[in-house]
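Derivation of every value follows stated rules applied to the coordinates shown; laboratory data play no part. None of these values were measured; they are calculated from a predicted model. Glycine gets a Cβ as well: all are built from the backbone with ideal geometry, and neighbour counts include every protein chain shown.
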Amino acid sequence: MVRALRRKKVSNESELDFATPEVQEILANLDFASVIFAAGDRIEYYSNSAVTLGVIRDEKLVATSVLNMVRKARRTGLEQAGHIEVPRGPIGEGTRQLSAKATYFKNHDATFVVFTDESEAERVDAVRRDFVANISHELKTPISALRTLSEAVTVASQDPQVNKFALMMQSQVERLSTLVQEIIDLSRLQDADPLLDAVLVDIDEAVDEAIDQVQVLSGTRDIEIVRGPQVKVSVVGDRTHLIMAFHNLIENAINYSPDKTKVTVNTVTSERIVEIVVIDQGVGITDADQERIFERFYRVDPARSRETGGTGLGLSIVKHVIGNHGGDISVWSSEGVGSTFTIRLPIADDSSEEGVA
């Protein structure tokens, strides 16, 4: 006996063709709640889960805003989707966030609406954000204290062995500080949509600033950064995030290149796409590693990463930034020859330039 789908008594005793016992059983075993509206916004059927989620109470529709979706789906014949908020109970201020999707079946003059609960996903996401923010904040204090203490030991001690350990401590403190900051950056990238508060970003200026940020690092390794011709185009997005992505990619090329080599940064355009290409003369990446280099915490050469202070998050951050901007990133590499990373982003069109502040 199917109990997950109930039929509300109505004056018209004719049943909808697709509301057969077989269909009822299928709906009863789905992971979402469902309500079927007949002509005149009458509720023909609703699942038990619709009651559980608070969409239906005392055989009445609680979320009356759903009727707007139902009427629009019936009027246009197009599927309608949106989000609604329903009270968790008859008392109290607790609410539940639901997504709703309405589909009109013309042959039956009926509208089928499904509901899914997003409250738990939002709660888990909020917990994750709070955890990352809190733990990152708490870690900054001991990191700062360790940095100060190690510097004080280096200055105060005349013992070479003590100074050696103090310098090692400073190196690890800097690595831990970088790791914490990159975890914060990655968490922010997952939470924010850069296109919601987008601006026009000049690609030449963003690339030049990213290069400026790594000049000290390249100088210590005697690595020359060769800048290709400028392209004089803009993209729509978050300037800070894009500069961070370009910086990470160029820094990665420097870290995996031998001293006294070159890292080339080219920008080219083709068919409303701008490419930012970073070429190094480094050790190269195996085919197996190329499939995984954009994974979090994955490092091609762990020993070199420890030496350079790499965290394994840099390329993951690049991929997130570029993906959030509607672009993509690819890599070509050959062992002993070097690697070429290519970022592709859509160029802002004329309407974007007029509509973005």
Whole-Hz Karplus couplings 3J(HN,Hα) for region 42-48, θ = phi - 60° and coefficients 6.51, -1.76, 1.60, Gly and Pro as x, run 6, 7, 8, 9, 8, 8, 4
Set of lysines near K60 by C-alpha distance (under 16 Å), chain-local residues within fewer than 8 positions excluded: K8, K9
Entries of K101/K232; K262/K319; K140/K262; K232/K260 with Cα pairs more than 32 Å apart: K101/K232; K140/K262
Can you tell me which of 158-168, 216-226 comes out highest on packing, and rank the rest after it, using the mean Cβ neighbours within 10 Å? 216-226, 158-168
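Compute the signed sum of charges (Lys and Arg +1, Asp and Glu -1) over the other residues within less than 12 Å, Cβ to Cβ, of V62. Before the final figure, lay out each step's value.
On the way: positive: R57, K60, R88, R96; negative: D58, E59, E85.
With Lys, Arg at +1 and Asp, Glu at -1, the neighbours total +1.
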